[in-house]
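The values are calculated or read from the model by the stated rules, or taken from the named source; none is laboratory data. Note that the structure is predicted; figures quoted are calculated from it, not measured. In this analysis, Cβ positions are derived from the backbone assuming ideal geometry, glycine residues included, and neighbour counts consider all displayed protein chains.
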Amino acid sequence: MSTAHLLLMSLGPVQDFIAQARRTRDLWFGSHVLSELSLEAARTAQRLRAELIFPAFVDGQEAAPSVPNKLLVLVRQGEPREVARAAREAARTRLREWGLEVWRKHPQLVDPGALGTAQEQLDTLLEFHAAWCPFTTPEEYPRALRLAEAALAERKRLRPFSPWQHQRGGRHKSSLDGARESVLREGRREGGDWRRFRIGQREELDAIGLLKRTGGQPGQFIPVPTIGLAAYTALAKHTQPPAMERLRRECVRLRDQGVLTPVQAGDREWVRDFPFDAQLLLPGRWSTYLEEQGMGRQDAERFGQDFVRPLLATLGEPFPYVACLVADGDKMGETLHALASHGPAAHQSLSRTLSDFATEARRILEERHRGVLVYAGGDDVLGFVCLPDALSCAAELSRAFAAAMEQELQSRAGVNAPTLSVGLGVGHVLESLGDLLDLGRRAEQLAKGEDRNGFALLARLRSGREHAWRQRWPDGPVKALEDTITLRKAGTLPMTKVRDVSTALRRIPRHAGSPQDEARWRPMLVGEVRRVLARVEAGTPGAGLTPQQAGLDLKEEGTLEELHVQVEAWAERVFLAELLSRATLRPRGDTRGAA
């Protein structure tokens, strides 16, 4: 067999670049940019007769919803250095041409004197790293993969720095990253593209940020409030059709006047219930939002009083929280290395399965749940989902991934199927996208834990307080939360008891200084928990509860620290179940479970 080369290429930046977002369009298009650049690099490698392993699609075939930023290709002919160089230049050229389209399409936005600055910003953004290793027999393929990965990791440690050549000085910095100079035109910002792309009076954007903001169509991106309030708008349409139709007609009238930008529903049926930014339904927000769109203050106030208040009077105010869903495959590296012994064809097969899963992830979020997919690149998923749908969405993603991996790997001896850890970060719909992303990623890290295959829910209330809970998928976390929600709705587990148990925990030490202290504090903690739960509350139906009836599996034989962990986890689960219960809409006046 002639010598071939295994070529590994990585494009970035990734996490920081995507997270630099103020609008939904910034977030989605930042992810889309990286995916398109990876696709351009992959297609270029194909044209040079390199064989794609990750991602695995043949020339002309439609790619997955998102192409991962790490590419693995097999170079049987030619030099891998030339393939890597051509892929890098193709990606850079695509980014430069894409970014400079703004100067042709939207001249109202840009400073003509900033063209050189913009070119430099676009040319220096991309981080491209490559490493390769030769091999001659199929048996050497696993070793070549390990060496290429090690070389790539070392290459990433070397970061070239070069000074800016086109800094003009005295210019505002970008609002997204605070480092690059703004390329926006100075002066008044009224109407036209300024309003169309929702560029604020004091907002500044560099060439990269401007590419994010102007990419795609304005109505293509679903605002986060529209996702978070999807259950509310669905209920309003179902129970209050006359009031909802009046609100919709008024929004259409404002659309025709150029005040409001509609949201394109696409295949998302749930968006059609209210195809506008749903922050219009928030009492403290509709006036400010309409004023930002150019409406006078009195007209904005009148809009809320005439068209939104009638809904709120019947349904109550919306529960304005949304879930940022972040999922990641567990021990995928181990799976890839185990598959390497089966040769590149096994990796290509796995790549196609992961691509199919990415397509299924889009259907799960956007068609079967009220959510929006931002990114799905193989085993990585990022999206936003309406809070009442978040649990079932996370569970379905986990099941779909497990089924795909089991089917793909069932004939591969010695290869363990990877699992999917899913985190839900819950925050207010008006929080910055960066903060919501941070919640989601922290939830995903909590879900992984030390034993992987987990689910985690992390919520931050407007007060700033956070609650977090984690359980492995085999232990049934969704059912545990749903059972707790049922307890809350039935009114048999008042929140006063949960708070009193938490207070008791703080009074009892977590660690005992001696066996004698352990023997004294442990039964005291168990007795206090039992006493609080057994207490009969005024207005609460039935008698008190045992720990088991309250959903607390209290293992009394555990150590003092283990008891603390058990009770703390139970209390956090109840607090989060209460949050989810509030997201389940009830008619005004129904106060079940509100104690």
Only one of Arg213, Arg195, Arg246, Arg202 is under 30 Å from Gly99 (Cβ atoms) and in contact with a helix residue (DSSP H, G or I) (Cβ under 8 Å, 6 or more places away or on another chain); which? Arg213
Among the residues of region 410-421, which ones are surrounded by fewer than 21 Cβ atoms within 10 Å (Cβ to Cβ) and among the hydrophobic types (A, V, I, L, M, F, W, C)? Ala413, Ala417
It is to be established whether one or more residues within region 526-534 are surrounded by fewer than 17 Cβ atoms within 10 Å (Cβ to Cβ) and of a type in the set (D, E, K, R). yes
Step by step: first the residues of region 119-134, then only those that are under 30 Å from the mean Cα position of the chain (by Cα) and touching a residue at least 60 places away in the same chain (Cβ under 8 Å), then the one that is surrounded by the fewest Cβ atoms within 10 Å (Cβ to Cβ). Which residue is that? Glu127
Between a first residue in region 194-214 that is of a type in the set (Asp, Glu) and a second residue that is surrounded by 20 or more Cβ atoms within 10 Å (Cβ to Cβ) and assigned to a helix (DSSP H, G or I), which pairs have beta carbons less than 8 Å apart while being 6 or more apart in sequence or on different chains? Asp206/Ala118; Asp206/Gln121
Provide a single number: the residues in region 291-314 that are surrounded by fewer than 16 Cβ atoms within 10 Å (Cβ to Cβ), within 21 Å of Pro241 (Cα to Cα) and of a type in the set (Gly, Ala, Ser). 1
Within region 283-379, helices (runs of 4 or more DSSP H) holding 1 or more residues that are of a type in the set (A, V, I, L, M) and within 19 Å of Leu235 (Cα to Cα): 309-315
If we ask which residues in region 504-516 are surrounded by 12 or more Cβ atoms within 10 Å (Cβ to Cβ) and modelled with pLDDT of 90 or more, their number turns out to be 5
Going by the conditions given, is Leu229 touching a Leu at 6+ places or on another chain (Cβ under 8 Å), at pLDDT 90 or above and under 22 Å from Pro107 (Cα atoms)? no
When Ser349 is evaluated against the numbered criteria (1) crowded, with 21+ Cβ neighbours inside 10 Å; (2) under 14 Å from Met405 (Cα atoms), which criterion, by number, is the only one it fails? (1)
Residue list for region 380-418, restricted to those being of a type in the set (A, V, I, L, M), in contact with a helix residue (DSSP H, G or I) (Cβ under 9 Å, 6 or more places away or on another chain) and not in a helix (DSSP H, G or I): Val381, Leu382, Val385, Val415, Ala417
By residue number, the members of region 476-486 that are more than 23 Å from the chain's Cα centre (by Cα), crowded, with 20+ Cβ neighbours inside 10 Å and hydrophobic (A, V, I, L, M, F, W, C) are Ile485
Mind listing whichever residues of region 296-330 are of a type in the set (Phe, Trp, Tyr) and within 30 Å of Ile364 (Cβ to Cβ)? Phe319, Tyr321
Could we say that Ala131 is assigned to a helix (DSSP H, G or I) and not acidic (Asp, Glu) here? no
Unmet requirement for Val271, which otherwise passes all of (1) surrounded by fewer than 21 Cβ atoms within 10 Å (Cβ to Cβ); (2) in a helix (DSSP H, G or I); (3) of a type in the set (Val, Ile, Thr): (1)
Hey, Leu458 outside any helix (DSSP H, G or I), touching a residue at least 40 places away in the same chain (Cβ under 8 Å) and either more than 22 Å from Thr559 (Cα to Cα) or among the polar types (S, T, N, Q) (or both) or not: no
I'd like to check something: does region 105-114 contain any residue that is in the same structural domain as Ala50 (by TED's automatic domain parsing), in contact with a Phe, Trp or Tyr (Cβ under 6 Å, 6 or more places away or on another chain) and closer than 23 Å to Arg180 by Cα? yes
